[in-house]
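Just so it is clear, none of the values below were taken in a lab; they were calculated from the coordinates. Source: prediction; values computed, not measured. Please note: Cβ atoms are built from the backbone with ideal geometry, for glycine as well, and neighbour counts cover all protein chains shown.
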Amino acid sequence: MGSVDMSVRPAVPAAAPAGVPAGASRRGPAAALRPHIVNYTGFRTEFTAPRRRLELPTGYATLVFPFGGGLWVSRGGEEPSAALRSAAGALISGPRTGWAIGAHAGAVHGLEVNLTPLGAYRLFGVPMVHFADGLADLGEVLGPVGRHLPERLRSLGGWEERFDLLDAVFTARLERGPAAAPEVRGALARLWADSGSLALAAAETGWSARTLRARFREQVGLSPKGIARVFRLQRALRLLAAGAAPAQVAAACGYHDQAHFGRDVKALTGLPPARFAALRGGLPPGSALDRVPGRITSLLLPDEGAREQPVRTGRACRF
């Protein structure tokens, strides 16, 4: 795996820098936080029509502060039905195996923080399964400073000041949060390097399967099988975006066959591979549409008049 520490943050291709969408400002965190936080993104958009995005499993955790404008989010294939407005304070999504739909009426304003799963565990100091429903009391996870953090961020005059405040808050948390188990770090790195190495990753920990699952759910938010499935999906989507044929992608990523690949992509994204690739339009990983470098995180869905509805799987919930 070279000299990159992949036990906390999976490596991303250097050739796929993150794009910055119009109306947004993006910055990396302070040096001490870089193993734990991927980036900060401030956004303010004013489109003339509603926008809908398909949000994909990435293996990362996300913290969102909505400052203004309605933001609707749902999982499981239902249309978003509940607005997450500035009064909601904050929204946290841990790593997940399901897709989601995010929508807004055209104008939306807020700030997003993308974190590695072990970074989120360290900085928030609670088991990652705590974020299964996505709604967070920041006073619970960040202490007294968290209760007023959304208002403090909103009141500041510019993105750099807001990013500096987040650096200060999270740096102060570094020594207070729990450290991830070395076994979890090693297994996570192994699975990122090769999502098909689940048995080897488990054996290297020396733990029982039950203990490994419990530790992963606590410190990552998903089971080892679940996070391996997400890592494999991301590799497959990168190859698909690069123009590889579905049969080639299936073979390269360890799916049993092309049919297995198609079923898994549809289960995790709501769309079959060919339709996903068509809607993606050839954008590379880390494009201006994506939230983190080197990953395919999002897809702009067609408008209400001619929209492509992903396959519904289960009940909707906010994340």
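What's the extension gain from Glu140 to Ala49 if we count 0.36 nm per residue and subtract their Cα-Cα distance?
Taking Glu140 through Ala49 to full extension adds about 29.1 nm, to one decimal.
Taking a spot 7 Å from the Cα of Ala172 along the direction of its beta carbon, which residues of region 97-137 have an amide N less than 17 Å from it?
123-125
Which percent of Cα-Cα pairs in region 102-189 sits in each 10 Å bin, short to long?
14, 43, 32, 11, 1
In debye, nearest 20: dipole of region 95-151 around its Cα centre with unit charges on the Cβ of K, R (+) and D, E (-)?
It comes to approximately 160 debye.
Which residues in region 27-49 place their backbone N less than 18 Å from a point set 7 Å from the Cα of Glu160 along the Cα-to-Cβ direction?
Output list for this probe position: 27-31, 40-43.
Which FRET efficiency value, to the nearest 0.05, is calculated for Glu204 and Ala179 with the Förster distance at 25 angstrom and r the Cβ-Cβ distance? Don't jump to the answer; show the numbers that get you there.
On the way: r = 19 Å, r/R0 = 0.75.
The computed FRET efficiency comes out at 0.85.
Suppose the chain between Asp257 and Ala274 were pulled fully straight at 0.36 nm per residue; how much longer would it get relative to their current alpha carbon spacing?
Details: separation 17, 0.36 × 17 = 6.12 nm, distance 1.56 nm.
Between Asp257 and Ala274, full extension yields an extra 4.6 nm.
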